1. Against the longest principal axis of the chain, how steep is helix 3-69, in degrees 0 to 90 to the nearest 10, with axes from Cα atoms?
2. What nm value, rounded to one decimal, do you get for the distance between residue 6 and residue 24 when each label is placed 7 Å out toward the C-beta?
3. Could you tell me which of 2, 15, 51 has its Cα farthest along the dipole of the chain towards the positive end, charges placed at Cβ (Lys, Arg +1; Asp, Glu -1), taken about the Cα centre?
4. Report the net charge of residues surrounding residue 61, where surrounding means a beta-carbon distance below 15 angstrom and charges are Lys +1, Arg +1, Asp -1, Glu -1.
5. May I ask you to compute the full-extension gain from residue 39 to residue 66, defined as 0.36 nm times their residue separation minus their alpha-carbon distance, rounded to one decimal in nm?
6. Normalised by the empirical 2.2 N^0.38 Å for globular proteins, what value does the Cα Rg of the chain take?
Amino acid sequence: MNKRGLSFLSMLVALVIITLLLAIFLPQFKSTVKEQHSTQMNALQRAQQVQHQLDAAQENRMRALNNLDK
C-alpha cells in the first residue's frame, strides 16, 4: 500500500473513531443540557415569584405609610 492510501486509511479510521465518540457522548451531553435548562427555568420562575412578593410587600408598606399620614 502506498503512502497516500495509508494516509487515507488512517484518516478514515480517525473519522470512524470520532463518529463513535460522538454517538456515545452526544446523548449524555444533550440530557445534561436539558437538566441545566430545567434547573435554570425553575430558578428563574422562583426569582420571579420572589420579586412579585417583594413588589406586593413594598406596595403594602406604601399603603401603610399613607394610612399613617391620614
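Values in this text are rule-based calculations from the coordinates and carry no lab data. Everything numeric in this text was worked out from a predicted model, so none of it was measured. Note: ideal-geometry Cβ built from the backbone for every residue, glycine included; neighbour counts use all protein chains shown.
1. Result, in degrees: 0.
2. 2.7 nm
3. The one lying farthest along the dipole's positive direction is 2.
4. On the way: positive: 63; negative: 55, 59, 69.
So the surrounding residues net to -2.
5. Numbers: separation 27, 0.36 × 27 = 9.72 nm, distance 4.06 nm.
So the extension gain works out to 5.7 nm.
6. Working: Rg = 29.6 Å, N = 70, 2.2 N^0.38 = 11.1 Å.
For the chain, the normalised Cα radius of gyration comes out at 2.68.
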